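Each remark here refers to the structure printed beneath this line.
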């Protein structure tokens, strides 16, 4: 096990860099290129989207390397903060961690969608004639979605953070409603409406915090818009104003992050969107929203001691409710969606403790949840691809026909339940330790109990789908076989990373350590 | 120029009329009329922003953006949508009588609350001045009316109008809370509302074609 101890960090110096603007402007330009050139050429759309996702992943890796190992000229302490546009954009280790999730999962999801979307039965659901036009729009929205999420991760301007997070809703709204049938439209309407209402609360919160920062008299002009500057004067902001702003932010970003009780949009959207989009929603987008919440709200932990307890309680409620709801689902994708509500609860509970250990555990679980949930959604998508069936009770005996998919699903199921030796075990253990360390034993109890519920919620359907005999000999089940290479390669990669991070969690330590220091505002 | 140069009476009148247009937009069941009330509100916001711009010239930008987005584009989308679907709102969850009482209670209660507790919302000197205090109270009232519309209306188009009111409330508060907001941020905030409304109406039109109604209570494919 890694020794989790904060490294002595000097205040990181800023280094002007072109990377932060490039990482979100590139996908936005690419989206227009796809729309301009790809109406009739699916291959062109696919190629541009794949290249863009690859570029984002490479840039994200580069930024992560620089924030951990980069050296300023004349300095010997490794680690820099990349800045651009007069500090409007700012990439520290926390942003780099989120960027790595966006880049990595984004690339695999794009690769996955290249084959998934061309599957005839799924295209038939869209309708003959419509599908042709939709493909180009799909890829354009997909890269815009990646671009807007990257923008949210790199911006340092609190109002622009709102703009970017809302932009992720707008770019993904039509992706959720992609199939344009009754289910898709209903999910799309709820998604756009609920998230926009929620995020308007967040705008109000951002503005209140900006006003409070400006009123301290320490910051001038546009400075109180910069999150990094507001952080410096947070102790001067009256606690009651901070509370008003923070409450609005919790409703706004919490809704986007899928935390209970603000989660009703999530199961619909995650289940009805095409699977590659589900992967991005569940694996990346809700993490970006939680990042926004952690980035802004953690500033005020020292001023509002009860806030941490309240947020841990909110996280505990979310984990328990999500897991119990997952237990009763018969739809494979809704099961995974409710599990996301539950896992975001763990991330929040960890981050909300406010200590270094809590932040480390929460962020580690954020990373792990992204990997595991992307894996599970891809495996569920593979089952749908091969059989066209989503109901657990109608499936059965797929293990012999789809060995890779079944192995990947079971790895994901064990990892998400926090079973050793997988990555979920390591991060959940850290969260338990952090909660216990802060004396929040009731939360430890809920968290451990939720893990057991999660295990049941996942193992039972996994057994049913892959090993039990099918309830009825559906011809679709008998005809099913393993999915094409382009679908199982991303799954195998994710499964391998899940195992690797479980055995050697030290691999992520450098980045997580620096990121955790940035939001650990409580304790020494 | 100091805040003493503000046309206080004009601002007060515009603010009060603004609240009335919100009530009309929420309560009228004829959708074209509700959209008109919304457009009227947008024009009032533009007028208000222009009056405030005397002390803060950057608000002229805000006023121009609001004119384009709120007074022209959004009403245009709303009218086009209403013409293609249905002219009268699906029956709301509460009847007209109780609705008026609730709306009045919300307005009085919330206006007073924000007006008295403005320091809580904005600990800055500007917001304590009477005109800005009124502006914040009106902003909060419009916000709450939008929320009320979202919670009690079952017609999808009415929920969109409710959402627009919600956004108007927040945008109005920017006058007092964020006087130094940059033009890019304003542009981002304003253009996003237009895109949101456009996308929502696009999806709702799809819902109307598939389900034959814009009644959100009939969206029952996905439960649990």
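All of the numbers you see were taken from the coordinates with simple rules; none came from a lab. Remember, it's a predicted structure, so these values are computed and weren't measured experimentally. Note: ideal-geometry Cβ built from the backbone for every residue, glycine included; neighbour counts use all protein chains shown.
With axes computed from alpha carbons, what is the tilt in degrees of helix A:332-353 against the longest principal axis of chain A, rounded to the nearest 10 within 0 to 90? Here the helix axis deviates by roughly 20 degrees.
Helical runs (DSSP H, four residues minimum) scored at -39500 (n - 2.57) apiece and divided by the length of chain A put the mean residue ellipticity at 222 nm at -23500 deg cm²/dmol. Dividing the mean sequence gap of close Cα pairs (under 8 Å, 6+ apart) by how many residues segment A:304-524 holds gives a relative contact order of 30 percent. Extending 7 Å from the Cα toward the beta-carbon at both residue A:324 and residue A:482 defines two label points whose distance is 4.2 nm. Across all C-alpha atoms in segment B:25-106, the radius of gyration and Dmax reach 15.8, 45 Å.
Of the peptides A:330-339, B:71-80, B:174-183, the ranking by mean beta-carbon count within 10 Å, highest at the top, reads A:330-339, B:174-183, B:71-80.
Summarising the overall dimensions of segment A:218-320 from its C-alpha atoms, the Rg and Dmax are 15.8, 49 angstrom.
Based on the Cβ-Cβ distance of residue B:16 and residue A:463, what FRET efficiency does E = 1/(1 + (r/R0)^6) give at R0 = 60 Å, to the nearest 0.05? List each step's numbers first, then the result.
Details: r = 65 Å, r/R0 = 1.09.
For residue B:16 and residue A:463, the calculated efficiency is 0.35.
Counts of other chain beta carbons within 10 angstrom of each beta carbon in peptide B:172-179 average 4. Adding -39500 (n - 2.57) for every DSSP H run of four residues or longer, then dividing by how many residues chain B holds, sets the calculated 222 nm ellipticity at -24500 deg cm²/dmol.
With 10 Å bins beginning at zero, the pair-distance distribution over Cα atoms of segment A:104-252 amounts to 11, 31, 26, 17, 11, 4, 0 %.
Based on DSSP, what percent of beta bridges with both residues in the protein assembly as shown are antiparallel, to the nearest 5? Each step should come with its number before you reach the end.
Values: 8 of 11 bridges.
Beta bridges within the protein assembly as shown, antiparallel portion: roughly 75 percent.
Work out the mean other chain Cβ neighbour count within 10 Å for the residues of B:193-206 and drop it here as an integer. Display every interim value, and only then the final one.
Details: counts 3, 0, 6, 10, 2, 1, 9, 7, 0, 5, 15, 5, 1, 9.
Rounded to a whole number, the mean comes out at 5.
Just how far, in whole angstrom, is segment B:171-224 from segment A:291-314 if you go by their alpha carbon centroids? Centre-to-centre distance over Cα atoms comes out at 28 Å. Counting every alpha-carbon pair across chain A, the share separated by more than 32 Å comes to 37%.
Write down Rg/Rh for segment A:208-262, rounded to two decimals, with Rg from the C-alpha atoms and Rh from the Kirkwood relation over Cα pairs. Don't skip to the answer; put the middle values down first.
Details: Rg = 12.5 Å, Rh = 11.9 Å.
Reported Rg/Rh (Cα atoms, Kirkwood Rh): 1.06.
List the relative contact order of chain A as a percent without decimals, with contacts defined as Cα pairs under 8 Å and 6+ residues apart. Show your work: numbers first, answer last.
Working: 972 pairs, mean separation 84.5, N = 524.
Dividing the mean separation by the residue count of chain A yields 16 percent.
Can you quote the Å³ per residue value for the convex hull of the Cα atoms in segment B:3-211, rounded to an integer?
On the way: hull volume 21.4 nm³, N = 209.
It comes to 103 Å³ per residue, whole-number rounded.
With a 10 Å cut-off around each Cβ of A:152-162, the average count of Cβ atoms from other chains is 2. Counting only alpha carbon atoms, the long axis of helix A:19-37 and the longest principal axis of chain A meet at about 40°.
Summarising the label geometry, the points placed 7 Å from Cα in the beta-carbon direction at residue A:436 and residue B:24 lie 6.5 nm from one another. In terms of the mean number of neighbouring beta-carbon atoms within 10 Å, the peptides A:50-58, A:95-103 order highest first as A:95-103, A:50-58. Stretched out straight at 0.36 nm per residue, the stretch from residue A:499 to residue A:393 would grow longer than its current Cα-Cα span by 35.2 nm.
The per residue volume of the convex hull around the alpha-carbon atoms of segment A:277-405 is 90 Å³.
All alpha carbon pair distances within segment A:364-509 were sorted into 5 Å bins beginning at 0; the resulting P(r) in whole percents reads 2, 10, 19, 19, 17, 13, 9, 6, 3, 1, 0, 0. At the listed q of 0.15, 0.22, 0.23, 0.24 Å⁻¹, the Debye profile of segment A:17-120, built from one uniform point per Cα, gives log10 I(q)/I(0) equal to -0.67, -1.10, -1.16, -1.22.
Can you tell me, using C-alpha contacts under 8 Å and at least 6 residues apart, the relative contact order of chain B as a whole percent? Mind dumping the intermediate values first?
Working: 280 pairs, mean separation 51.5, N = 224.
Contact order relative to length: 23 percent.
Note on B:96, B:81, A:44, A:422: ascending count of other Cβ atoms within 10 Å places them as B:96, A:44, B:81, A:422, the fewest first.
Angle of helix A:158-176 to the longest C-alpha principal axis of chain A, folded into 0 to 90 degrees and rounded to 10: 0°.
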